[in-house]
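The values are calculated or read from the model by the stated rules, or taken from the named source; none is laboratory data. Source: prediction; values computed, not measured. Please note: Cβ atoms are built from the backbone with ideal geometry, for glycine as well, and neighbour counts cover all protein chains shown.
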Amino acid sequence: MLSSSGLGVEYVRAEGNTVFHLDANGNEIPVTDYCGGYASLIFGHNNAEITAHAKSVLDSGIPVYAQFSRHPVANRLAAKLNEIVARETGATEPYFAHFASTGAEAIETGVKHAEFDRVLKVAALMGEIEAHVEEAREAARDGRLTVAESAYRKAGTEAPSGGGAGAGAGVGADADADADADAVPPQDAFEQLAGAVARHNGEVAARPPVLLALEGSFHGKLMGSVQLTHNSGFRSAFGGLGAQALFVPHDQPDVLTKTVDGVREQARVLDVVVTDGVADVVERDFPAFCAFLVEPIQGEGGIRALDRDAAAHIQRVTADADCPLLIDEIQTGLGRTGAFLASSHVGLRGDYYVLSKSLGGGIAKSSVVLVHQSRYRGEFELVHSSTFAKDGFSTAIALKVLELLEADDGAAYRQVVERGEMLRAALDRVRADFPEVVKDTRGKGLLQGLEFHDQSKSGSPTISGAAQGGILGYVAAGYLLGAHRIRVLPTASAPNTLRFAPSLHLTEEETAALETALRDWCALLRDEDEKRLTGN
Ligand code: PMP
């Protein structure tokens with residue numbers, strides 16, 4: 001596909017928004033890069049300050065790998081992340097930082113932590129119920145307990161009857177008690193109930209955790225995270241490898257409400273309560289939810305933003321259900337949309353935040369999951385680790401990235417807003433002039449998308465064939481590279497949408513060149529110009 005779409009180019013150097021390849025004579029050919037390392041280069045390729053910092057860090061001979069020791073740089077990074085998140089979200093309690101290397105790894109670390117927390121909560125709940133059962137059992141043994149008739153029905157069993165020789169009433173506290181049941185020893189009567197309660201609770205507790213994600217989501221491609229990525233082309237072959245997610249649409253709030261309510265109803269456990277010597281059964285909420293994963297703006301899903309209402313609904317529903325909300329800011333975080341967290345634009349607050357991409361400053365692999373204090377389990381530090389996480393190099397670079405973002409009272413965020421508006425205005429002008437081929441332009445800050453109308457009926461066989469095969473975006477990319485020296489790619493799950501994620505150094509000239517290139521491509525699409533596309 002690289003070769004056939006003209007994207008099989010080797011880049012030999014990169015700087016700012018430009019990548020260079022060589023022509024046949026060995027001369028450097030500049031290409032303006034709108035992919036920006038799949039949105040991981042908010043400060044551009046080989047940013048001079050970051051590179052200089054990296055060199056000085058390496059020259060100082062810091063230990064890059066000193067696992068299981070003190071990590072003051074990582075601690076400072078965590079403190080700085082907290083300071084920024086608190087400012088943007090108003091959070092008053094801290095988040096604990098757990099570092100990783102890639103986006104998918106941090107997602108899996110976050111989900112794994114959420115499951116650890118859930119399992120510990122399940123164990124605590126089961127322990128509490130077991131203690132109640134034990135208390136009741138003792139009372140039954142001493143002949144101080146009767147079992148309410150209704151308790152058996154609630155536990156999904158029937159009252160035992162006949163055969164017993166014990167003194168006192170085993171069951172029959174209810175007025176409609178079965179006379180035969182009087183003969184059942186209280187212990188047996190109670191064990192019948194306890195057995196049914198244990199069976200029911202065991203069945204509920206053995207179910208896999210419930211994971212929720214939005215339709216169109218992208219959270220990674222590893223064994224666990226791919227189950228949370230909606231695109232079935234990436235996910236479906238690997239369903240046997242991990243817990244499945246329930247995918248809900250972001251624009252139909254009632255579907256989310258119904259899904260969550262349905263899970264809660266199905267996942268009640270039973271507890272035994274004793275009042276005045278009568279044992280009864282009550283239902284209790286069970287922690288069925290592992291996490292709900294949300295991208296504030298879906299990147300790979302085609303640059304689709306959650307609006308304020310959808311965000312508020314998600315916040316409400318997850319809070320009511322005590323379902324941890326994990327906000328995936330891997331692509332949108334670190335200033336990409338003009339704020340540190342894109343979720344802060346719509347007032348969405350996470351129990352977990354996941355950051356990566358630009359955190360590595362374009363030269364390191366780094367990611368982090370932030371876990372809110374109210375959910376954090378310190379024991380997790382002992383059960384989860386990675387050789388390469390929290391290393392001295394990537395944490396030092398990440399700290400520098402935060403310093404650059406926060407410098408001059410947030411000048412970088414303001415620059416993203418300003419350059420983002422410039423970029424968006426150019427895309428909007430193209431859309432206005434080519435309404436027959438451009439379906440939509442959308443995004444925030446320096447994460448913008450341009451969606452084409454379906455071209456599968458184009459009179460150009462190359463265009464219609466590419467559209468039918470779902471690769472029109474790649475054909476567009478090849479054309480824009482070959483004819484205009486512009487590097488842009490479609491999003492992973494919405495191949496009709498081109499993503500523009502340049503660095504904050506985007507210039508007016510670069511934007512003007514992009515507009516010219518897009519106009520040329522749109523005219524070609526509109527004119528169904530096979531000849532100009534293929535030369536035939
Ligand atoms: N989540 C989101 C929102 C992403 O955009 C990506 C990468 N495109 C990932 C997770 C996965 O990150 P990585 O490719 O580093 O595993």
Give the residues of region 87-143 that are among the acidic types (Asp, Glu), touching a residue at least 60 places away in the same chain (Cβ under 8 Å) and over 30 Å from residue 65 (Cα atoms), sorted by residue number.
88, 93, 128, 135
Residue count, region 484-501, condition within 16 Å of the ligand (Cβ to nearest atom), at pLDDT 95 or above and either surrounded by fewer than 24 Cβ atoms within 10 Å (Cβ to Cβ) or closer than 17 Å to residue 430 by Cβ (or both), comes to 7
Among the residues of region 319-340, count how many are part of a loop (DSSP other than H, G, I, E, B) and within 13 Å of the ligand (Cβ to nearest atom).
8
Filtered residue count, region 286-345, keeping only those that are free of Cβ contacts under 8 Å to residues at least 12 places away in the same chain and of a type in the set (Lys, Arg):
1
If you take the residues in region 205-229 that are in a loop (DSSP other than H, G, I, E, B) and in contact with a Lys or Arg (Cβ under 8 Å, 6 or more places away or on another chain), which one is farthest from the ligand (Cβ to nearest atom)?
209
Among the residues of region 298-313, is there at least one that is at pLDDT 95 or above, assigned to a strand (DSSP E or B), closer than 23 Å to residue 211 by Cα and of a type in the set (Asp, Glu)?
no
Restricting the search to region 247-277, which residues are assigned to a strand (DSSP E or B) and surrounded by fewer than 16 Cβ atoms within 10 Å (Cβ to Cβ)?
273, 275
Would you please list the contacts, defined by Cβ atoms under 8 Å and residues six or more apart or on different chains, that run from a residue in region 19-39 that is within 16 Å of the ligand (Cβ to nearest atom) to a residue that is of a type in the set (Phe, Trp, Tyr) and modelled with pLDDT of 95 or more?
34/500
Tally, over region 381-391, of residues that are of a type in the set (D, E, K, R) and either touching a Pro at 6+ places or on another chain (Cβ under 7 Å) or farther than 21 Å from residue 333 by Cβ (or both):
1
Need the failing condition index for residue 281 against (1) of a type outside the set (Gly, Ala, Ser); (2) surrounded by 18 or more Cβ atoms within 10 Å (Cβ to Cβ); (3) touching a residue at least 40 places away in the same chain (Cβ under 8 Å); (4) in a helix (DSSP H, G or I), just the number.
(4)
Would you say residue 413 is part of a loop (DSSP other than H, G, I, E, B), of a type in the set (Ser, Thr, Tyr) and either within 24 Å of residue 219 (Cβ to Cβ) or out of contact with any Asp or Glu (no Cβ under 8 Å at 6 or more places or on another chain) (or both)?
no
Checking residue 59 against (1) at pLDDT 95 or above; (2) over 27 Å from the mean Cα position of the chain (by Cα); (3) within 24 Å of residue 370 (Cα to Cα): exactly one of these is not met. Which one?
(3)
If a residue counts only when it is charged (D, E, K, R) and out of contact with any helix residue (DSSP H, G or I) (no Cβ under 8 Å at 6 or more places or on another chain), which strands (runs of 3 or more DSSP E) contained entirely in region 2-74 have at least 1 such residues?
11-15, 28-33
Kindly check whether there is at least one residue in region 295-302 that is farther than 22 Å from residue 445 by Cβ and not aromatic (Phe, Trp, Tyr).
no
Taking region 392-423 and keeping residues crowded, with 19+ Cβ neighbours inside 10 Å, charged (D, E, K, R) and out of contact with any Pro (no Cβ under 9 Å at 6 or more places or on another chain) leaves 400
Taking the condition at pLDDT 95 or above, in contact with a strand residue (DSSP E or B) (Cβ under 6 Å, 6 or more places away or on another chain) and part of a helix (DSSP H, G or I), does residue 480 pass?
yes
Filtered residue count, region 362-380, keeping only those that are within 19 Å of residue 335 (Cβ to Cβ), assigned to a loop (DSSP other than H, G, I, E, B) and in contact with a strand residue (DSSP E or B) (Cβ under 8 Å, 6 or more places away or on another chain)
2
Tell me, which residue of region 107-122 that is touching a helix residue (DSSP H, G or I) at 6+ places or on another chain (Cβ under 9 Å) and among the hydrophobic types (A, V, I, L, M, F, W, C) is nearest to residue 375 (Cα to Cα)?
116
Please enumerate the residues belonging to region 419-452 that are outside any strand (DSSP E or B) and closer than 23 Å to residue 38 by Cβ.
419, 420, 421, 422, 423, 424, 426, 427, 430, 445, 446
The listed residue being at pLDDT 95 or above, among the polar types (S, T, N, Q) and in contact with a Phe, Trp or Tyr (Cβ under 7 Å, 6 or more places away or on another chain), out of 337, 332, 318
318
Test result for residue 217, among the polar types (S, T, N, Q) and crowded, with 16+ Cβ neighbours inside 10 Å
yes
Does residue 356 count as within 16 Å of the ligand (Cβ to nearest atom), more than 30 Å from residue 126 (Cβ to Cβ) and in contact with a Leu (Cβ under 6 Å, 6 or more places away or on another chain)?
no
On the basis of being closer than 30 Å to residue 308 by Cα, modelled with pLDDT of 95 or more, within 16 Å of the ligand (Cβ to nearest atom) and touching a helix residue (DSSP H, G or I) at 6+ places or on another chain (Cβ under 8 Å), does residue 250 make the cut?
no
Top-ranked residue in region 81-129 [being among the charged types (D, E, K, R) and surrounded by 17 or more Cβ atoms within 10 Å (Cβ to Cβ); ranked as nearest to the chain's Cα centre (by Cα)]
108
